[in-house]
1. Taking residue 302 as meeting all but one of (1) closer than 27 Å to residue 120 by Cβ; (2) within 13 Å of the chain's Cα centre (by Cα), write down the number of the exception.
2. Can you find a residue in the range 191-199 that is closer than 22 Å to residue 262 by Cβ and not in a loop (DSSP other than H, G, I, E, B)?
3. For the range 160-190, how many residues meet the condition of being under 20 Å from the mean Cα position of the chain (by Cα) and either without any contact (Cβ under 8 Å) to a residue 40 or more places away in the chain or assigned to a loop (DSSP other than H, G, I, E, B) (or both)?
4. Would you say residue 403 is surrounded by fewer than 21 Cβ atoms within 10 Å (Cβ to Cβ) and either modelled with pLDDT under 90 or closer than 16 Å to residue 289 by Cβ (or both)?
5. Could you list all residues from the range 322-342 that are crowded, with 16+ Cβ neighbours inside 10 Å and not in a loop (DSSP other than H, G, I, E, B)?
6. Could you tell me whether the range 312-321 includes any residue that is assigned by TED's automatic domain parsing to the domain that holds residue 376, outside any loop (DSSP other than H, G, I, E, B) and either touching a residue at least 40 places away in the same chain (Cβ under 8 Å) or touching a helix residue (DSSP H, G or I) at 6+ places or on another chain (Cβ under 7 Å) (or both)?
7. Tell me which residues, restricted to the range 300-311, are in a helix (DSSP H, G or I) and within 17 Å of residue 93 (Cβ to Cβ).
C-alpha cells in the first residue's frame, strides 16, 4: 500500500458503467472532504499492463457472476499486494465463505455508501501495513455444543486472563453474541443501555475514542458489548453487520473475546469464520460429547482451518464423567485442554459480578485458564493442561458412546 500522503489506486472490475461511476464519485468526495486520496480506474482482467496495477481491487460479482471468483488467484498474482474486495446485493454465509476461500479480503454491500467505501480503504491500509498502525489484536470465540456448557463464564475468564497477560495498559472487549438471551451483562452487572444492536447500526461513525466512550467498562478493566435487552431486537442484526463490527473491534482492541453461545446461525458462523481462535467447549457427558462430534463434522464441511480450533473439556474432573480416552476416541481427535471443576469459586464470581481471578487469584481454576490463554491464544511457553483421572466406569461409557456414535455421520 502507498504511504499516507500518496493516493490509493483502486481498480474496478465491472460490466456496468453506473457501478464504475459510483466509485469515481466516491473518489472525488473523499478528496474534497479530507479523506483518503484515491484514484479510480477500470481493470479489464485478464489483460496485463502497467496501468492495471492497483492497491485495491473491487469486483462487481453481480455483473461478473460468481464464476469470476476462479480468476482471483490470477488477480492476486498480477497484483500481489492488492486488497481484493467483492461486492454484490444478496450476501449469504455460503457466498461470503466462497469469496473468502477464493482469495477475497473484504466485502462491500451494494450499493455501497461513501462511509462504507472509506472504511474499506482504511481496512486495506491498516491490515496491509500501509500506514504503520498497530497490528490487529486477538479475536477469540467461545462456542459450546449445548446449553449450560459454560461459554459465558469461560469468555469472561479468558478476557480477564488475556488482559492480565497483555499488560495493564492493554484493552480487551467482551462481545455477547447470544443475541436473544445473552447473560454477559448480568454476569458482570453492566448496563445494556448501549448494546450490540446500537453499535451495528452506526458502524460508519465508529472510531476508537467513540468505542471507549460508549462501551461499559467492568471494574476488572474489561470493556463489554452486551446483547440487546429486548430479545426481538436480535432480528435487526445481520451476519454482514457482525462481520464488519468484529473487524472494527479487532483493529481497535488488543483482544476481542466473543461469547458465541451454542446455537448455529448466520451471525454466529460469521463470528467463527472471522476468529483467530475458536475454543470449542464440551462437557464429559454423553449428550455434550455427541453434539461436539456433530459440531466437528460441520466445521469439517465448512473447511475451517483445524489450527484455529481448540477443543476444551470443561469440568474435566467432575465426578461420574466419561473418561478422557473414551471422549478422544469418540471425537477422533485429542482434547487440547481440560478445565477443572471449581463450582464454589465460579458461583461466587457470578454472584459478585466479577471474575474468578478476583475471587481466588491463586486458585486452580484461575491458574488453569491463565495457562490455557498463554499456550493456545498467545503461543507462549508450553504448559501442562489439567488432566482428569481415569474413570472407573470407562467400559460402560465406551459401549454407550459406540451406540450413540453410529448416526453421527449425517447432518447435525
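1. In the conditions (1) closer than 27 Å to residue 120 by Cβ; (2) within 13 Å of the chain's Cα centre (by Cα), residue 302 misses (2) alone.
2. Within the range 191-199, the first condition is being closer than 22 Å to residue 262 by Cβ, and the residues that meet it are 192, 195-197.
Adding the requirement that they be not in a loop (DSSP other than H, G, I, E, B) leaves 196-197.
Within the range 191-199, one or more residues are closer than 22 Å to residue 262 by Cβ and not in a loop (DSSP other than H, G, I, E, B).
3. Number satisfying all stated conditions: 9.
4. Taking the combined requirement at face value, the residue satisfies it.
5. Answer for the range 322-342, where residues must be crowded, with 16+ Cβ neighbours inside 10 Å and not in a loop (DSSP other than H, G, I, E, B): 324, 326, 327, 330, 331, 337, 338.
6. Yes, that holds for at least one residue.
7. If the condition is that a residue be in a helix (DSSP H, G or I) and within 17 Å of residue 93 (Cβ to Cβ), then 300, 301 are the ones that fit.
Every residue, every condition in (1) farther than 23 Å from residue 116 by Cβ; (2) touching a residue at least 60 places away in the same chain (Cβ under 8 Å), yes or no:
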position	(1), (2)
202	no, no
208	no, no
215	no, no
219	yes, yes
229	yes, no
232	yes, no
239	no, yes
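The values are calculated or read from the model by the stated rules, or taken from the named source; none is laboratory data. Everything numeric here is computed off the predicted structure, so don't read it as measured data. All Cβ positions, glycine included, derive from the backbone under ideal geometry; neighbour counts span all protein chains shown.
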